[in-house]
1. Got a sec? Which of 77, 47 is in contact (Cβ under 8 Å) with a residue 24 or more places away in the chain, assigned to a loop (DSSP other than H, G, I, E, B) and surrounded by 11 or more Cβ atoms within 10 Å (Cβ to Cβ)?
2. Quick check on the stretch 86-107. Is at least one of its residues among the charged types (D, E, K, R), in a helix (DSSP H, G or I) and either at pLDDT 95 or above or closer than 13 Å to residue 16 by Cβ (or both)?
3. What is the one condition in (1) surrounded by fewer than 17 Cβ atoms within 10 Å (Cβ to Cβ); (2) in contact with a Leu (Cβ under 8 Å, 6 or more places away or on another chain) that residue 20 does not satisfy?
4. Tell me, which residue of the stretch 23-42 that is under 17 Å from residue 90 (Cβ atoms) and under 13 Å from the mean Cα position of the chain (by Cα) is surrounded by the fewest Cβ atoms within 10 Å (Cβ to Cβ)?
5. If I ask for residues that are surrounded by 18 or more Cβ atoms within 10 Å (Cβ to Cβ) and either over 16 Å from residue 42 (Cβ atoms) or in contact with a His (Cβ under 8 Å, 6 or more places away or on another chain) (or both), which ones from the stretch 80-101 would you list?
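The values are calculated or read from the model by the stated rules, or taken from the named source; none is laboratory data. Small disclaimer: the values here were computed from a predicted structure and weren't measured. Cβ sites come from the backbone with ideal geometry, for glycine too, and all protein chains shown count toward neighbours.
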Amino acid sequence: MMKHEGWRVGRLADQIRSEVAGMIGGELKDPRVGFTTVTRVELSRDLHHARVWVSVLGDPATQQRTLEGLESAGGYLRREVSQRLRLRRVPDLIFVLDRSLEEASRMEALLHDLRTRGQGTGDRE
């Protein structure tokens, strides 16, 4: 693969992310789809598959319902991406729950707790 092909794939992934995010935020009427942020899109080398990473606000049940709603709307989203980006071959959209924001928040809370405990014990160094 040539260098510029990697750049083009990255640019296409970003365009797909932007289009899908806009459609989820403004066009999907499925009540199962909650507050969702598209965090990134990863394209396979052959451009046949796109993993669409989403962060969903809410409990695990809400997150699962949102993923089901997105999968249900996958055909519509794929068709719209094809038309808006004028692509001959559109990758299959595979929605994946991105838990990195949850993990970062949990780690921050743990670190804060450790700092608070450290200050309360009167550390002597």
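1. Numbers: 77 fails: assigned to a loop (DSSP other than H, G, I, E, B).
The conditions single out 47.
2. First, pick out the residues of the stretch 86-107 that are among the charged types (D, E, K, R): 86, 88-89, 92, 98-99, 102-103, 106.
Checking which are in a helix (DSSP H, G or I) leaves us with 102-103, 106.
Remaining after also requiring either at pLDDT 95 or above or closer than 13 Å to residue 16 by Cβ (or both): none.
The answer is no, given that none of the residues of the stretch 86-107 is among the charged types (D, E, K, R), in a helix (DSSP H, G or I) and either at pLDDT 95 or above or closer than 13 Å to residue 16 by Cβ (or both).
3. Failing condition for residue 20: (1).
4. Residue satisfying both the conditions and the ranking: 42.
5. 91
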